[in-house]
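The values are calculated or read from the model by the stated rules, or taken from the named source; none is laboratory data. Every value quoted in this text rests on a predicted model; they were computed, and no experiment measured them. All Cβ positions, even for glycine, are placed from backbone atoms using ideal geometry, and neighbour counts span all protein chains on display.
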Amino acid sequence: MKKIIIAIDGPAGSGKSTTAKIVAEKLGYIYIDTGAMYRAVTLACIEQNIEINDNELNKIVDNINIELKQSNLGQRTFLNGRDVSDDIRRPDVTKLVSPVSAMSYVREKMVEQQREIGKNGGVVMDGRDIGTVVFPQAELKIYLVASIEARAERRLLELKQKGFNTTVEEIMKQISDRDHYDSNREISPLRKASDAIEIDTSNITIEEQTSKIIFYAQKLLE
Ligand code: DC
């Protein structure tokens, strides 16, 4: 059976990872969270006390190994062989990830790895530039959006479950700063591909958003 590439892009907190994970499960595809890769680079910078500039980042990117492995807990992210899946969600990583991911060499290396992972299809990949840069030929492109309030509420719940103490106002500020940075960077900014299907997830359930995507995917697979 034909295996397609499903690209899911959108701003922070729009529901990409939850949706992509369920869609992948239902189709028997691999789910790839590309944000985790940029987060792993950022964690390496923090741990090695690296300044965020081209010179330093180029060195670090050439000397670290990032692997994404599938497990029954979902995708696990490894940095130099160590499982960093929880650490990469830390607020200090989230704060620094946008400037790190804006660096050209970092993007070049991560995109290379993402293309390799997805080259045979059968993947649901989420990020910011999957439909525009990583796989412009993806058969199905989805662009998820949601109101800033809905996105902040979701992140707040996620962070509280993980034991982080924060407020909805603080998260709203972080999300809008990150959106601004991710949308205005020079290389591969967050953008909706011209052939992407936009879904607003502010007022629909996860079930509804995933069924819509499965419906489009099945039409392509028929
Ligand atoms: O999806 P996320 O919040 O975990 O992503 C973290 C950051 O990584 C996000 O602020 C921008 C960057 N990113 C990117 O530039 N390109 C991608 N394909 C995925 C994430």
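Miscellaneous remarks
- A search for C-beta distances below 6 Å between a residue of region 180-191 that is within 11 Å of the ligand (Cβ to nearest atom) and any residue that is among the hydrophobic types (A, V, I, L, M, F, W, C) and in a loop (DSSP other than H, G, I, E, B), counting only pairs 6+ apart in sequence or on different chains, returns D182/L190; S183/L190; R185/A102.
- The listed residue being under 28 Å from D54 (Cβ atoms), at pLDDT 95 or above and under 15 Å from the mean Cα position of the chain (by Cα), out of R191, R178: R191
- Residue in region 145-162 that is closer than 30 Å to K2 by Cβ, buried (at least 16 other Cβ atoms within 10 Å of the Cβ) and not small (G, A, S) present: yes
- Region 180-202, subset among the small types (G, A, S) and assigned to a loop (DSSP other than H, G, I, E, B), residue surrounded by the most Cβ atoms within 10 Å (Cβ to Cβ): A196
- Per the listing I66, I50, the residue uniquely without any contact (Cβ under 8 Å) to a residue 24 or more places away in the chain, surrounded by 15 or more Cβ atoms within 10 Å (Cβ to Cβ) and of a type in the set (A, V, I, L, M, F, W, C) is I50.
- Set side by side, the residues G122, G131 differ, and just one is surrounded by 16 or more Cβ atoms within 10 Å (Cβ to Cβ) and within 15 Å of the ligand (Cβ to nearest atom), which is G131.
- A single entry from V124, V133 fulfils the requirement of being hydrophobic (A, V, I, L, M, F, W, C) and either within 21 Å of M103 (Cα to Cα) or assigned to a helix (DSSP H, G or I) (or both): V133.
- Residue in region 36-48 that is under 26 Å from S194 (Cβ atoms) and either over 19 Å from the mean Cα position of the chain (by Cα) or not charged (D, E, K, R) (or both) present: yes
- First in region 107-127 and under 12 Å from D33 (Cβ atoms) and in contact (Cβ under 8 Å) with a residue 60 or more places away in the chain, second anywhere and assigned to a helix (DSSP H, G or I) and more than 13 Å from the ligand (Cβ to nearest atom), Cβ under 8 Å, 6 or more apart: V123/A24; V124/V23; V124/A24; V124/L27
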